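Some notes on the structure that comes next.
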Amino acid sequence: MTELAVTVIGPDRPGIVADVAEALAALGANLTDSTMTRLRGHFTMTLICAGELRVEQVEAALAPLGLPFAVRDVGADEPVRQAGETYLVSVHGADRLGIVAAVTRELAGAGANITDLSTRLTGPLYVLLAEVELPAADAATLAERLAVVAAELDVGITFRPTQADLL
Amino acid sequence: MSLPFDPADLGEGTVLPVVYAPAPVLGVPGEAVDPTDPAVVRLAADLFATMRVSPGCVGLAAPQVGAGLRLFVVDVTGHPKASTVHGAYALANAEILEASRWRPGREGCMSVPDLTGDVKRAGRIVVSGELPGSGRKITITTDAFEARALQHEIDHCAGRLFLDRVSGAHAVYQRKVYL
Ligand SMILES: [Zn+2]
């Protein structure tokens, strides 16, 4: 069993996902984890597919679609490493260069592992949302450091636990 | 607040294996039960026993142990997000009569061990149901976390998982591994 990472980006239109998914299914490529979203006018797909596959086969199947893509063998699935409690960092403020760099560098410095991150720019407003895993003992320190970064960037930052309740 | 119910009256329960999605039983509406049927009383005791040995678990429905029936147990006593608490109880054939004050929250489920999701639930509900054993019909008015737990379990009894109610395409998360 091979695992391939596939990225496809193209102008957004109805049917773009169906075209890619069909091409992969026809090869016997099993689509496992994926994230697909519209980023401004571009539709982006990042996915892992598994099967008895070679990179060239997948490339040949995607080429006729006329969309920019990349295929890479990423080896076998690695177990997800536990890194503590989960938190949501939300940032919003006037758009300026380096917000993502400054915030994520601070997160990295604190040993926080980002599991999901998205940003949106609408007009002058910039929004960043990041889900992170962090040892609970380090949370208070990170919250303080993020407050400093927020002041430097002149943006609002909130940092809060997102613990799910088991029902 | 207390109900005319004591889990000890159900007798000693047996810990049952929990069923995981995509087991078909989790996706079909459960059947109504006779709350005075000794088999139903025994199943309620088993659900308590199974819930008690599961760390962090505050509710368990019959479909989660493979029985497609409208029966569940719940106990949110001591939970930090709970406000009104009715203690540990089992409920058969429960129905939501009123629901208001909808609020988002992130929940996980024993039967979906690797994922959590953001789900809107009513923060105040009125629920009717029958108590296993006595068969007494009761109405429960509750709020906050107990209301969320009841809605989650009543969903199980209707063949619904939190995945059927998540708030958006990015509202399901990989759950960290609990040791
Ligand atoms: Zn559940």
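The values are calculated or read from the model by the stated rules, or taken from the named source; none is laboratory data. Note that the coordinates shown come from a computational prediction; the quantities given were computed from them, not determined experimentally. Cβ atoms come from the backbone with ideal geometry, glycine included; neighbour counts cover every protein chain shown. Areas reflect the complete protein model, heavy atoms only, side chains present, ligands, DNA and RNA absent. Shrake-Rupley method; radii C 1.70, N 1.55, O 1.52, S 1.80 Å.
Of B:92, B:49, B:82, B:99, all but one fail to be in a helix (DSSP H, G or I) and among the aliphatic types (A, V, I, L, M); the exception is B:49.
When the residues of region A:137-167 are narrowed to those that are outside any strand (DSSP E or B) and within 14 Å of chain B (Cβ to nearest Cβ), which ends up surrounded by the most Cβ atoms within 10 Å (Cβ to Cβ)? Out of the qualifying residues, it is A:167. Within region B:90-117, residues that are closer than 22 Å to residue B:47 by Cα reach partners that are more than 16 Å from the ligand (Cβ to nearest atom) and among the acidic types (Asp, Glu) with beta carbons closer than 6 Å, at six or more positions or on different chains, in the pairs B:92/B:130; B:93/B:130.
For residue A:112, the conditions (1) under 30 Å from residue B:111 (Cα atoms); (2) surrounded by 14 or more Cβ atoms within 10 Å (Cβ to Cβ); (3) more than 14 Å from chain B (Cβ to nearest Cβ) all hold with the exception of (3).
Would you mind stating whether residue B:161 is within 12 Å of the chain's Cα centre (by Cα), within 30 Å of residue A:45 (Cβ to Cβ) and either among the charged types (D, E, K, R) or within 14 Å of chain A (Cβ to nearest Cβ) (or both)? Yes; evaluated as a whole, the condition is true for this residue. Each residue in region A:75-95 was checked for being within 22 Å of residue A:30 (Cβ to Cβ) and surrounded by fewer than 13 Cβ atoms within 10 Å (Cβ to Cβ), and 5 of them qualify. Answer yes or no as to whether residue A:132 is within 14 Å of chain B (Cβ to nearest Cβ) and touching a residue at least 12 places away in the same chain (Cβ under 8 Å). The answer is yes for residue A:132. Only residues that are in contact (Cβ under 8 Å) with a residue 24 or more places away in the chain and open to solvent by 10 Å² or more (accessible area, probe 1.4 Å) were counted in region B:127-144, giving 11. For region A:30-46, filtered to residues that are in contact with a helix residue (DSSP H, G or I) (Cβ under 8 Å, 6 or more places away or on another chain) and either assigned by TED's automatic domain parsing to the domain that holds residue A:128 or under 26 Å from residue A:120 (Cα atoms) (or both), the residue that is least open to solvent (accessible area, probe 1.4 Å) is A:45. As a summary of the residue check, residue B:99 satisfies the conditions (1) within 14 Å of the ligand (Cβ to nearest atom); (2) open to solvent by 40 Å² or more (accessible area, probe 1.4 Å) except for the one numbered (1).
Here is the figure for region B:78-104: residues that are within 14 Å of chain A (Cβ to nearest Cβ) and within 24 Å of residue B:50 (Cβ to Cβ) total 5. Could you check region A:6-29 and list, in sequence order, the residues that are among the aliphatic types (A, V, I, L, M) and surrounded by 17 or more Cβ atoms within 10 Å (Cβ to Cβ)? Correct list: A:6, A:8, A:16, A:20, A:21, A:23, A:24, A:27, A:29.
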